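Working notes for the structure below.
The values are calculated or read from the model by the stated rules, or taken from the named source; none is laboratory data. Since we're looking at a predicted model, the values are computed, not measured. Positions of Cβ are backbone-derived with ideal geometry, glycine not excepted, and every protein chain shown enters the neighbour counts. These area figures cover heavy atoms from the full protein model, side chains too; ligands, DNA and RNA do not enter into them. Shrake-Rupley method; radii C 1.70, N 1.55, O 1.52, S 1.80 Å.
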Amino acid sequence: GARRLRLALNSLSADFISAACALLGERGRFEEIGKRGIWSQGRAGAIRHVAYDVRDMSAEAPMNPEWFQRSVLRVLAQRASAEVVHSLPVYEFDIVHRVQDAFRFLANGKNTGKVVLRMSCAHVAPALQLGFGALRSRLDASAGAAAAAIDLDRLADALSLLDRLCRQFVCEALKGLDPTTVVKWHHKLLLQWCAGARDGGEGQVDGAAVERAHAGVAPEVALASRCGPHLRAALQGTTAYQELLFPGGSMDAVLPVYQDAVVANFYNGVVLAAVEAVVAGLEDGRQLCVLEVGAGTGGTAAMVLPALQNACAQYLF
């Protein structure tokens, strides 16, 4: 029969992880370098013929900086100097005339690199025509109206209760925890922080009580209630924190925090007001090039993009 592989280096998620494991033979090694869909130790242990290991360079480099400089950065620098390492190719398609070609190119499954849809910038304004004073006045009015609608006193009470709820999870996680079972350096830092966030003795509180104080914190309560009971396992490394936040690679658990929660909705609304002010000040026929810095879950973009309709030539993130 066909020979099995001895090593798989994986950055894919979902069903591709199982498919890669199936290619490995007895005592094969599966090195996970991806960030989404990482298997828990329990799930990985079910594949008895394969050693499953998660590699997180952001965690391992600070633990052994000499190794990182010698074995990673130096080798990459040498290969770059020898022109062995090259950047991924970029394939550009005009969004007006070749968008179907771009999707067909993606659909063939044979491409590597990035596919970019380009918009013409012939009518992009070289500079904004809106003065800072007018923009600030508009934002002050928008932020004031939004703050008045929130009921800040109730929100402050709800956030205080949410803090108590999270500290309860911390206390439960640290109860009887042997610090030597926390081995990763960033988990040790989190453990030190948790040790200073003990319950203040105000009494027990549950998620329902927090939501009764202010319904706008429901997304934070849901996320805390999902992750809090697993804090000990995350500190000990027996549960992947990525899987808690992004179960199966999904954004469903965290997106409401950035899009629907009252605090996120307030700040997204301020950004929206600024964008609307800029769009309203554009001269006829002019369009914008927009750069979103810090793009993550798409919560802010989901609110801003409708305001940019017919006013945006290029949106980069």
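Quick look at the numbers
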| read-out | value |
| --- | --- |
| Residue in the stretch 215-225 that is open to solvent by 20 Å² or more (accessible area, probe 1.4 Å), closer than 26 Å to A141 by Cα and touching a Pro at 6+ places or on another chain (Cβ under 6 Å) present | no |
| Filter result (open to solvent by less than 40 Å² (accessible area, probe 1.4 Å), of a type in the set (G, A, S) and farther than 26 Å from W185 by Cβ) within the stretch 6-57 | A8, A20, G25, G28 |
| Residue list for the stretch 228-252, restricted to those being assigned to a loop (DSSP other than H, G, I, E, B), more than 19 Å from A173 (Cβ to Cβ) and open to solvent by less than 60 Å² (accessible area, probe 1.4 Å) | F246, S250, M251 |
| The stretch 263-280, residues that are over 30 Å from A218 (Cβ atoms) and surrounded by 16 or more Cβ atoms within 10 Å (Cβ to Cβ) | A277, V278, V279 |
| Selection status of L245, under 17 Å from the mean Cα position of the chain (by Cα) and more than 24 Å from A141 (Cα to Cα) | yes |
| Any chance D157 is in a helix (DSSP H, G or I), modelled with pLDDT of 85 or more, of a type in the set (D, E) and open to solvent by 80 Å² or more (accessible area, probe 1.4 Å) | yes |
